[in-house]
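Below: one structure, written as structure tokens.
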Amino acid sequence: MSAESPLQRWLQEASNSGQFDSEGRFTVDQKKAWEKLAAYQLTFAEAWVLKVVQAAVSHPQAALQIRPSRGEVEFVFCAVRDWTEPTLQKALLEPNSETPQPLKHLTVAIRVLVGQKSRPFSVHYPDGLLHAWTGSGFRELSRSTAPTETFILSVGNFEFGQSQSYFAGTGKEAAAYREKVMRAFREHCHLAPARVKLGRSTAGGLISDPYLGEGETTRPFAVFKDVKSEQSPSFHLPAPRFKSPLLGQFVVPLQQVSPHRQEGSVTSFLTIFFSKNVVRKDLQMDRYRFYPSVGRSQVIWIRDGVVVLRESLKMRQTVGLGVVLSADGLETDISGLRPRESEEKHNRLEYGLSRALKQLKEYRESPKARKRLSIFKAISSLAGGALLTTTPGFAVLGLLILGKSTPELVAYERERRRLNLVYTQGFDELIRELEDRVDKV
């Protein structure tokens, strides 16, 4: 039988000698000691994924690759030679203010995994030492003779005792758990820097935002990055990869007002809301009619590359605003994720909204921005070409389909004007309501 890990032996010896009293960090009973260690609560069951990502982002050199498979999800950290078994053991069992922030994040994730007693996981250290969680403690499984710079946390998709056979009928449960883990990453970690990867792909960035990114009823089309400021910590976001949003045959061209600015204290972006109905089923492509819809603007708080809180601005228009702010340095609740209400948080919020308002006004009013807001309007088709003119307004670009009859072109132009009017009004309403929100402070 494999030997017990130093961590497990330490707990056993301390338990036998009665060094843990019932009021301290651990209790005399070893089983209850692990239960107390696992009592750290997060906002939802898979939120430990967020802490794993934060551990990588807060480390100055670390890179993280997430490798999901049928049996487990591996979190592979590179360039973390300092994450040894003794340092992790100390951070896990004797946390204090001197514990490095990356290890604080990592130990929270491990504590939560310990609390999920029915799910196995293992820790592979850079020196080759491999520990596995057995449901009641850690066991040393092996020690490689070829140390590396990688630290690997592997979390099983199957619970203890579940057969991994394709014929056992447990595959659906394992797949469902793996999907929950991946959903936690997609919904909260899509703004992580490029050194965090899911498989071989980097995090999706703003376009992958689950509420204001590219979805069934939303299309982002403009992003603004502010300069660094002492009033709010700066942060780095992946370069935006917006595509021109399509609404049937219409395109809203992507606008990047500050495309070369990689870091700032405020990042804001605009998106359009819509709904659609199938007009005609087609074997090659269904035909839809698009209708402007309304949605809420949001403030998105991030901490160490992870979305920790969303706040609705209670403004409902056809054009929505997302404002990304840093939660670094703010007091948090017991989960260590959600920032508490405080004067500092309030000041950052108001600063972010005022900067976003300034950006939107400049976007609408400056000559350079007005040019970006031009509409390209198709008027006719001559000899296989299109004659185009520009008019000021909201940036809805009509895609001229050659060979259309005059009635079709008239209907096409009418539809373009309808969308243009509604979204232009929505953009103006967004600015007015944001002005009211800022002026009330």
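FYI, it's all coordinate maths here, none of it is from the lab. Computed from a predicted structure; not experimentally measured. For neighbour counting, all protein chains shown are included, and Cβ atoms are generated from backbone atoms with ideal geometry for every residue, glycine included.
Observations on the structure shown:
- Checking the Cα-Cα distances for 361/440; 228/440; 117/345; 228/361 against a 29 Å cut-off, the pairs over it are 117/345.
- Virtual paramagnetic centre 7 Å along Cα→Cβ of residue 439, amide N under 20 Å, in region 324-357: 350-357
- Site pair residue 97 and residue 410 shows an inter-label distance of 7.8 nm when each label is modelled 7 Å from Cα along Cα→Cβ.
- Segment residue 332..residue 230, full-extension length gain: 34.6 nm, with 0.36 nm per residue of separation and the alpha-carbon distance subtracted.
- Highest average first, the peptides 324-332, 44-52 ordered by how many other beta carbon atoms sit within 10 Å of their residues are 44-52, 324-332.
- Distance between the pseudo-spin-label points of residue 142 and residue 314 (7 Å out from Cα toward the beta carbon): 5.9 nm.
- Euclidean distance of C-alpha centroids, region 308-349 and region 122-144, integer Å: 38
- FRET efficiency, 1/(1 + (r/R0)^6) with R0 22 Å, evaluated for residue 74 and residue 179 via beta carbons: 0.85
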